[in-house]
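Enquirer: Sharing a structure below in structure tokens format, with a few things to ask.
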Amino acid sequence: MKAIVKAQIITTQKILQNYAVIFDDKITHIIPEEALIHYDVSEKINAQGLYLSAGFIDIHVHGCAGIDTMDERADGITLLSERLAQTGVTAFLPTTMTMRFDQMDRTFIRIRTAMGDAPGAQVLGCHLEGPFINKSFKGAQDSAYILPPDFGKIKDYVDVIKIITMAPEWPDSAVFIRRCIDKGMTVALGHSAISYEEAMASIKEGVSHITHIFNALTPFHHRHPGVVGAAADSDVTCELIADNIHVHPAAQRLLLKIKGFDKIILITDAMRASLMSDGKYDFGGQIVMVQDGKARLASGVIAGSVLTLNQAVFNFKQTSGLDLAKVISMVTVNPAKRLGIAERKGSIAVGKDADMVIFDDTLAIHMTIVRGKTIYRR
């Protein structure tokens with residue numbers, strides 16, 4: 001067994017001082033440091049007063065460090081898992097783009113292969129973003145490949161797809177939503193032109209999550225509340241891209257006041273340019289120009305982000321003024337609950353997977369541990 005000592009341990013209740021975490025592939029004990037002499041520990045990791053939290057979970061990330069989920073290469077998802085580890089991510093959902101469905105088929109197969117045995121952050125499954133979306137709110141998705149919802153196209157991948165983003169205004173969406181939910185998927189409302197009333201109806205049908213709130217959705221107006229109004233007026237969870245580009249800090253604070261920190265999940269929506277320099281990049285078969293932290297198509301439309309999840313935590317803490325433990329829960333506890341895996345991931349507790357991250361006051365990552373193995377060290 002190993003032990004982490006001299007850490008400020010962020011739990012769901014408080015930050016523990018002068019405690020040690022003992023682990024193998026799972027966390028076995030959380031004890032006062034002076035009690036460590038009674039345990040057979042093969043390695044002590046000295047955190048040197050830095051923070052220790054559960055590993056971060058990104059449920060919406062397209063790429064990072066030159067790799068994209070849709071890349072036609074056998075090692076793409078495994079490379080992505082390694083590179084995300086330096087941002088504190090210990091588990092993630094590789095996220096698709098709207099492209100030809102034969103490309104998506106091959107992507108699902110690559111993700112399935114990587115699930116459970118990726119060398120870095122654990123691949124939990126797939127977030128299917130597109131093609132079942134609205135062309136009028138497509139964002140950076142390619143309209144040429146947008147399709148009406150068709151369960152037949154995804155029925156062979158129900159073990160892989162964990163979240164599916166769709167526009168519920170398509171005909172027969174209620175049937176599609178129910179079939180997805182029956183197979184254990186979370187159905188998310190996104191890239192949609194629907195009204196408040198239609199959005200509330202889809203939530204009643206089983207939609208329980210909003211993809212990148214405020215972006216590619218009908219906005220709030222006092223006479224036409226739109227999807228944003230429906231999100232505020234219901235119990236759905238909301239993804240938030242906290243790069244201060246996609247959503248103004250004031251809107252982020254309003255969201256927090258309305259939804260509470262336990263209904264917000266920080267995501268990156270990152271593309272391959274994350275952790276890379278400015279320049280031209282491919283994103284879903286389209287050319288994106290990245291400059292000064294902004295990723296845009298030639299039309300000026302925002303195309304994903306270059307955000308990292310540790311930076312998202314830092315940004316939202318600065319924007320919101322929340323204490324660190326609550327912000328950390330938005331990348332640990334909340335996504336674990338959303339995916340139905342909170343019994344094994346999302347917090348530092350005895351019996352849970354030893355997915356942990358050590359970081360400093362600036363959220364710079366010093367060490368990332370996945371199921372007891374150190375996969376990144378600064």
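The values are calculated or read from the model by the stated rules, or taken from the named source; none is laboratory data. Keep in mind that this is a model prediction, so the values were computed, not measured. Cβ atoms come from the backbone with ideal geometry, glycine included; neighbour counts cover every protein chain shown.
Enquirer: Determine if the range 242-262 includes at least one residue that is over 28 Å from residue 67 (Cβ atoms), among the polar types (S, T, N, Q), touching a helix residue (DSSP H, G or I) at 6+ places or on another chain (Cβ under 8 Å) and assigned by TED's automatic domain parsing to the domain that holds residue 95.
Expert: So far as the range 242-262 goes, yes, one or more of its residues are over 28 Å from residue 67 (Cβ atoms), among the polar types (S, T, N, Q), touching a helix residue (DSSP H, G or I) at 6+ places or on another chain (Cβ under 8 Å) and assigned by TED's automatic domain parsing to the domain that holds residue 95.
Enquirer: Still on this model: Looking only at the range 350-374, which residues are surrounded by 21 or more Cβ atoms within 10 Å (Cβ to Cβ) and either of a type in the set (S, T, N, Q) or outside any loop (DSSP other than H, G, I, E, B) (or both)?
Expert: 353, 356, 357, 358, 359, 365, 368, 369, 370
Enquirer: Okay, moving on. Which of the following residues is touching a His at 6+ places or on another chain (Cβ under 6 Å) and within 22 Å of residue 67 (Cα to Cα): 304, 293?
Expert: That would be 304, the only listed residue that is touching a His at 6+ places or on another chain (Cβ under 6 Å) and within 22 Å of residue 67 (Cα to Cα).
Enquirer: Right, here's the next one. Run down 11, 95, 69, 87 and say which single residue is of a type in the set (Ser, Thr, Tyr) and either at pLDDT below 95 or not assigned by TED's automatic domain parsing to the domain that holds residue 290 (or both).
Expert: Matching residue, one of 11, 95, 69, 87: 11.
Enquirer: Say whether the condition of being surrounded by 21 or more Cβ atoms within 10 Å (Cβ to Cβ), part of a strand (DSSP E or B) and among the polar types (S, T, N, Q) is met by at least one residue in the range 23-40.
Expert: no
Enquirer: Same structure again: Taking the stated definitions as given, is residue 85 surrounded by 24 or more Cβ atoms within 10 Å (Cβ to Cβ) and touching an Asp or Glu at 6+ places or on another chain (Cβ under 8 Å)?
Expert: Here the answer is no, as residue 85 does not meet what is asked.
Enquirer: Return the total of residues in the range 116-140 being at pLDDT 95 or above, within 22 Å of residue 151 (Cβ to Cβ) and not aromatic (Phe, Trp, Tyr).
Expert: 10
Enquirer: Being in a loop (DSSP other than H, G, I, E, B) and more than 21 Å from the chain's Cα centre (by Cα) is the filter here; which residues of the range 210-230 pass it? Steps first, answer last, please.
Expert: In the first step, residues of the range 210-230 are kept if they are in a loop (DSSP other than H, G, I, E, B); the result is 211-216, 218-225.
Across the range 210-230, the qualifying residues are 218, 219, 220, 221, 222, 223, 224, 225.
Enquirer: I want to confirm something. Restricting to the range 8-22 and keeping residues that are of a type in the set (A, V, I, L, M, F, W, C) and under 18 Å from residue 327 (Cβ atoms), which single residue is surrounded by the most Cβ atoms within 10 Å (Cβ to Cβ)?
Expert: 10
Enquirer: Being surrounded by fewer than 22 Cβ atoms within 10 Å (Cβ to Cβ) and either free of Cβ contacts under 8 Å to residues at least 12 places away in the same chain or closer than 14 Å to residue 128 by Cβ (or both) is the filter here; which residues of the range 210-228 pass it?
Expert: Residues satisfying the conditions are 219, 221, 222, 223.
Enquirer: With the requirement that a residue be of a type in the set (Lys, Arg) and more than 18 Å from residue 59 (Cα to Cα), what does the range 111-167 give you?
Expert: The initial filter retains those residues of the range 111-167 that are of a type in the set (Lys, Arg), namely 112, 135, 138, 153, 155, 162.
Correct list: 135, 138, 153, 155.
Enquirer: Could I ask something else about it? Could you grab the pairs with beta carbons closer than 6 Å, sequence gap of 6+ or different chains, first residue in the range 362-378 and at pLDDT 95 or above, second one exposed (fewer than 15 other Cβ atoms within 10 Å of the Cβ)?
Expert: Going by the 6 Å Cβ cut-off, the qualifying pairs are 366/378; 367/377; 371/25; 372/24; 372/25.
Enquirer: Just name the residue that is farthest from residue 300 (Cα to Cα) out of those in the range 108-122 that are crowded, with 19+ Cβ neighbours inside 10 Å and out of contact with any Ser or Thr (no Cβ under 6 Å at 6 or more places or on another chain).
Expert: Once the filter is applied, the top-ranked residue is 122.
Enquirer: Sort out which residues of the range 274-300 are under 19 Å from residue 95 (Cα atoms) and among the β-branched types (Val, Ile, Thr), and write them in order of number.
Expert: Listed by number, the residues that qualify are 287, 288.
Enquirer: Report those helices (runs of 4 or more DSSP H) wholly inside the range 231-348 carrying at least 1 residues which are farther than 28 Å from residue 208 by Cβ. It would help to see each step written out before you state the result.
Expert: Numbers: elements: 249-259, 309-320, 324-329, 333-338.
Ranges flagged: 309-320.
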